[in-house]
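The values are calculated or read from the model by the stated rules, or taken from the named source; none is laboratory data. Since the structure is predicted, the reported quantities are computational estimates derived from the model, not experimental observations. Counting neighbours? That spans all protein chains shown, and the Cβs are built from the backbone with ideal geometry, glycine included.
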Amino acid sequence: MWAYETNFYQIYPLGFCGAPFENDGKLEHRILKVIDWIPHFKKLGVGAVLFNPVFESDTHGYNTRDYKKIDVRLGTNDDFKKVCKALHKEGIKVVLDGVFNHAGRGFFGFTDVLEKKWDSPYKDWFHISFDGNSNYNDGLWYEGWEGNYDLVKLNLRNPAVTDYLLESVKFWIDEFGIDGLRLDVAYCVDTDFLRRLRYETGNWKEDFFLMGEMIGGDYNRIMGDDLCHSTTNYECYKGMFSALNSMNLFEIVHSLLRQFGPENWTLYKGKHLLSFVDNHDVSRIASTLVNPNHLKLIYTLMFGMPGIPTVYYGSEWGTKADKSQGDPALRPCFDEPEWNELTDHIAALCKAQSGSNALNYGGFKSLVLTNRQCIFERETAEDRVLVVINADENPFHAHFDARAGRATDLITGADIDFGGGLEIPGYTSYLLQI
């Protein structure tokens with residue numbers, strides 16, 4: 001699977017392109033801006049672009065109106081086809097956000113129900129009672145997602161609904177050549193629908209990638225041979241920044257051992273979860289970390305651990321934003337990309353990960369662990385990499401059974417001798433290929 005050997009770059013298009021929050025109905029070809037950023041993607045080493053919602057919606061993208069039409073605030077279907085073609089020409093894969101649990105109040109089927117009530121052919125597309133009323137005084141009650149009534153829950157047990165959604169996905173593959181989907185709130189989506197989606201997309205396009213959003217619980221509930229290939233690894237997202245902020249690396253290494261360790265009981269050994277330090281729903285990592293010196297280290301940790309590393313647009317140069325400021329602050333528009341030392345570091349990590357069998361497929365074994373330092377091993381038959389983190393300001397001398405005395409740091413290219421142990425400067429990380 002191609003997704004297991006690359007990194008993702010996540011964009012929230014409506015914010016990235018500076019579109020108004022409310023759908024004003026005015027056609028603007030904003031999505032073409034992505035093409036201008038392709039040189040930045042190439043320099044960074046991006047393997048795939050993950051687009052959050054791009055289809056016609058009421059406001060923020062997740063309240064879809066039309067699953068086959070690019071949002072008018074972003075442009076036309078032809079515009080997005082140009083974007084996908086330009087990305088594919090540079091060898092960059094395209095993954096879209098599949099919002100299948102709910103639609104918007106402006107969704108054509110729901111507007112028909114509001115107009116015709118029980119005479120609408122779409123009344124069974126949703127969870128509706130004509131004996132109640134809604135927050136919008138519609139004269140009917142309907143189920144919204146987690147109490148959000150701008151998000152009308154779809155009835156995924158209705159074959160007409162699932163047929164429509166699958167036809168839409170087939171259209172995206174045929175029209176735009178997409179390579180995969182992120183499934184919004186996949187933990188709410190009917191597993192029978194997930195199985196059908198996996199089966200159909202696999203037939204329509206070889207190596208089509210499905211990744212489901214999971215906030216907590218057992219990720220295997222939606223991930224497997226007939227379900228999603230991958231899920232979001234929120235446990236390690238939280239574990240990484242929490243471990244650094246509390247200077248207790250036992251926290252994140254415990255999670256990694258629990259998920260990927262050498263024992264037979266580990267939860268996700270051999271699986272490829274989506275790794276991230278921030279995204280469109282949470283505070284920027286530069287605002288979350290207490291110590292700015294840990295910014296490079298957390299990216300090394302994320303690229304070094306098992307999973308598919310993901311960079312959220314703007315965070316590669318250290319943009320700050322806190323969730324308390326509201327979602328728009330997390331999803332800004334940048335006139336053009338920036339580049340600094342952090343970006344250099346992440347570009348080196350992208351290059352290292354793309355060229356390392358061990359970082360893509362290796363197991364997880366902890367070699368050295370203190371509150372402020374950790375060294376863990378990623379190894380396959382072809383390749384062996386040691387991921388080294390010193391989160392302390394002071395140098396640290398690590399003693400461990402290394403089975404070799406020299407290595408190349410994949411981040412800097414430096415040749416490092418650790419025959420008598422490893423001397424790690426303060427606030428330093430290595431990816432040592434032996």
When the residues of the stretch 187-196 are narrowed to those that are in contact (Cβ under 8 Å) with a residue 60 or more places away in the chain and under 20 Å from the mean Cα position of the chain (by Cα), which ends up surrounded by the fewest Cβ atoms within 10 Å (Cβ to Cβ)? Cys188
Out of contact with any helix residue (DSSP H, G or I) (no Cβ under 6 Å at 6 or more places or on another chain) and either farther than 30 Å from Leu14 by Cβ or crowded, with 19+ Cβ neighbours inside 10 Å (or both): does that describe Met211? yes
Of residues in the stretch 13-38 being of a type outside the set (Val, Ile, Thr) and assigned to a helix (DSSP H, G or I), the one surrounded by the fewest Cβ atoms within 10 Å (Cβ to Cβ): Asp36
Determine which member of the set Thr64, Thr59 is out of contact with any strand residue (DSSP E or B) (no Cβ under 6 Å at 6 or more places or on another chain) and at pLDDT 95 or above. Thr59
Show me the strands (runs of 3 or more DSSP E) entirely contained within the stretch 208-318 in which 1 or more residues are touching a His at 6+ places or on another chain (Cβ under 9 Å). 209-212, 308-312
Condition met for Leu114 (in contact (Cβ under 8 Å) with a residue 24 or more places away in the chain, within 23 Å of Gly177 (Cα to Cα) and not in a strand (DSSP E or B)): no
Out of (1) in contact (Cβ under 8 Å) with a residue 40 or more places away in the chain; (2) closer than 29 Å to Pro309 by Cβ; (3) in contact with a Phe, Trp or Tyr (Cβ under 9 Å, 6 or more places away or on another chain), the one Lys33 does not meet is (1)
Residue in the stretch 414-430 that is out of contact with any strand residue (DSSP E or B) (no Cβ under 7 Å at 6 or more places or on another chain), of a type in the set (A, V, I, L, M) and closer than 14 Å to Ile375 by Cβ present: no
Report yes if some residue within the stretch 156-165 is more than 30 Å from Asp36 (Cβ to Cβ), without any contact (Cβ under 8 Å) to a residue 24 or more places away in the chain and either outside any strand (DSSP E or B) or not assigned by TED's automatic domain parsing to the domain that holds Leu44 (or both); otherwise report no. yes
Across (1) basic (Lys, Arg); (2) in contact with a Leu (Cβ under 7 Å, 6 or more places away or on another chain); (3) under 25 Å from Tyr299 (Cα atoms), Lys42 clears everything bar (2)
In the stretch 294-329, how many are over 27 Å from Tyr4 (Cα atoms) and either buried (at least 21 other Cβ atoms within 10 Å of the Cβ) or of a type in the set (Asp, Glu) (or both)? 3
List the strands (runs of 3 or more DSSP E) that sit entirely inside the stretch 39-91 and contain at least 2 residues that are among the basic types (Lys, Arg), on the phi < 0 side of the Ramachandran plot and without any contact (Cβ under 8 Å) to a residue 60 or more places away in the chain. 64-70
Index of the failed condition, Asp131 passing every other in (1) outside the structural domain of Leu166 (by TED's automatic domain parsing); (2) in contact (Cβ under 8 Å) with a residue 12 or more places away in the chain: (2)
Return yes when Leu156 is under 13 Å from Leu197 (Cα atoms), touching a strand residue (DSSP E or B) at 6+ places or on another chain (Cβ under 9 Å), buried (at least 16 other Cβ atoms within 10 Å of the Cβ) and aliphatic (A, V, I, L, M) and no when it is not. no
Considering Leu249, Leu244, which residue is more than 23 Å from the chain's Cα centre (by Cα), crowded, with 16+ Cβ neighbours inside 10 Å, farther than 30 Å from Thr59 by Cβ and assigned by TED's automatic domain parsing to the domain that holds Lys81? Leu249
Going through the stretch 383-423 in order, the residues found to be aliphatic (A, V, I, L, M), in a strand (DSSP E or B) and at pLDDT below 95 are Ala398, Ala407, Ile416, Leu422
I'd like to know if the stretch 373-380 contains one or more residues that are at pLDDT below 95 and part of a loop (DSSP other than H, G, I, E, B). no
Among the listed residues Val311, Val282, which satisfies the condition of being assigned by TED's automatic domain parsing to the domain that holds His60, in contact with a helix residue (DSSP H, G or I) (Cβ under 7 Å, 6 or more places away or on another chain) and touching a residue at least 60 places away in the same chain (Cβ under 8 Å)? Val311
